[in-house]
Each structure stands twice: as C-alpha cells, then as structure tokens.
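Let me give you the structure first, and then I'll get to my questions.
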C-alpha cells in the first residue's frame, strides 16, 4: 500500500510559522462536536444502560467509517500493519471506551470534560519522553498549570460529590488510554493514512467491545428508548466518533500529536456552559479553579 505523504504540505509549513490552517479550522469543529457530545451522552444515559449505548453506537460508527473507507478506495493494510491496527483498536476503542462510558455514567458531564482536558498534558509529556517533540519553557509552564487544574477538578469535585470519585478515576484512566492511543497512532497515520487508520482501529476495536456489551444489550429496555435518545445515539456515533475521529487523525498527521491534542482543551468550556442550563449542573468552585488552570495552560502554550 502507498504510504501517506510526509508532513511537508502547506498545513505544516503554515503551522510552523504560527498561523492557523484549514486543519485548525476543522479541529475547532471537532472540539464543538466533542463538547456537545458530553451533554448528549449524559442525557441519553437516562434511558440507555452505558454498555448497551456504547455497543449500538460503535456498531453504527464502525459500519459508517468502513463504508467511507471502502467508498474512497482505501486499500487493505499489509498484514504487519493490520496487527498494529488491531492492537491500537483494542487500546483506543475497547479499553478507552469502556472506561469513558462507565465514567460518564458515574460523574458530571462538566467534570468528565475537564478531566479529558488532561490529554494534551499527557500527550506533550509522552511525546517529549519519546523524542517526538521538544518542549519549550512555555510548554512546561502550560503543563504545570494544566496539571494543577486537573488535580483540583479530580480531587476537589469528588469532595462535594463523593459518589463521583469512581467516575472521576475511570475518566482519568480514559484520558491516559486516549493519550497512548494518540501517540501510538502517529506512525500508522503516516504509513497508511487517516481514513484507513480510523476505519480499521474502530472496526477491530468494536468487535471485543460489542462482545463485552452483549449482556447489557440483551437486558436493555428498548421500548423505553425515546426518539430524543435515539437522535443522541446517532449524533454521538456519526458526528462524535466518525467525523470527529477523521478530523483528529488529519490533525495528528498534518500538525502533530501535541498541537492536535491541545484543541481538546476547548471542549470542556463548551460542556460546562451547556451543562448548566441543559442538565442543571451548576459549576462548583473546584471546577472553576480547575478550569482556570486548564484553560490558562492553553493560553500559555499557544502564546
């Protein structure tokens, strides 16, 4: 199979000059989708069991992304790449999604979004340790701010909502898994391209995920699922998984893992603002302090 072109296109050259690119614009759309998705999932889980919801939305998403890859003429990866894609799929679409959906069911939407904002911090540290990207002093300052903010959100929020402690821990595990997924995906994205990587990791990762979720699917009260909940399912599947994942991989390929990951810091602001009127989640003092640290880190790094 023909490998993806090296990162020397106009997006990369423009990004190196510190200017925004077309890929940056798509990443903004991705953050909007993911910010709203927390609200959508939290509302849908009022009628869906967490694992039944994930099983159906992943079956739908894997089918859709597979059709996109087939329709655009994407070729089957070489056997060696296929094994790596399978491992990556289990990491980022089985393990990650199990922690993510169970965490979402046990904590507040705003808190979940803020915890996932740790991904840029973890990604930058991992990229630096692996020698992929060098950290400037601004990056280090941003990492310190973001880490402090994350600690306030995870620990402080659980003081007022002790039942959310397990949910927060699961969301933190999800953030670590997504970071590993992002870092390990970069060589495969360069080798086989964003569409192929998304399609095969999602399809292969969906198989064990759906098998694990079969008991929940069987016990789900499908007659109680409302039209609004089904609409949320479709949005969370086709927009938050298919479209957003394709944009994410395009960003990793063209702008690098660290710059792409920092865009996810915008999603919590959208979630916090929307969760207030829609879910009645009034931001706590801990969330406000934590958000200040997380968003402040973004301003420092991008300055």
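Here is a list: 255, 298. Which entry is in contact with a helix residue (DSSP H, G or I) (Cβ under 8 Å, 6 or more places away or on another chain) and modelled with pLDDT of 80 or more?
Answer to the selection: 255.
Would you call residue 78 more than 17 Å from residue 231 (Cβ to Cβ) and surrounded by fewer than 19 Cβ atoms within 10 Å (Cβ to Cβ)?
yes
Under 7 Å between Cβ atoms, which residue pairs at least 6 apart in sequence (or on different chains) link something in the stretch 111-126 that is at negative phi with a partner that is part of a loop (DSSP other than H, G, I, E, B)?
124/135
Going through the stretch 11-30 one residue at a time, which ones are in contact with a helix residue (DSSP H, G or I) (Cβ under 6 Å, 6 or more places away or on another chain) and either at pLDDT 90 or above or closer than 24 Å to residue 204 by Cβ (or both)?
Selection gives 26, 27, 30.
Still on this structure, please answer the following. Hey, could you check the stretch 222-234 for residues that are surrounded by fewer than 17 Cβ atoms within 10 Å (Cβ to Cβ) and in contact (Cβ under 8 Å) with a residue 12 or more places away in the chain and say which is nearest to residue 97 (Cα to Cα)?
Filtering first and then ranking leaves 234.
Counting only residues that are part of a loop (DSSP other than H, G, I, E, B) and either without any contact (Cβ under 8 Å) to a residue 40 or more places away in the chain or in contact with a strand residue (DSSP E or B) (Cβ under 7 Å, 6 or more places away or on another chain) (or both), how many does the stretch 45-75 have?
Selection size over the stretch 45-75: 1.
Any idea which of (1) modelled with pLDDT under 70; (2) surrounded by fewer than 19 Cβ atoms within 10 Å (Cβ to Cβ) is the one residue 207 doesn't satisfy?
The number of the failed condition is (1).
The values are calculated or read from the model by the stated rules, or taken from the named source; none is laboratory data. Everything quoted here is computed from the prediction, not taken from an experiment. All Cβ positions, even for glycine, are placed from backbone atoms using ideal geometry, and neighbour counts span all protein chains on display.
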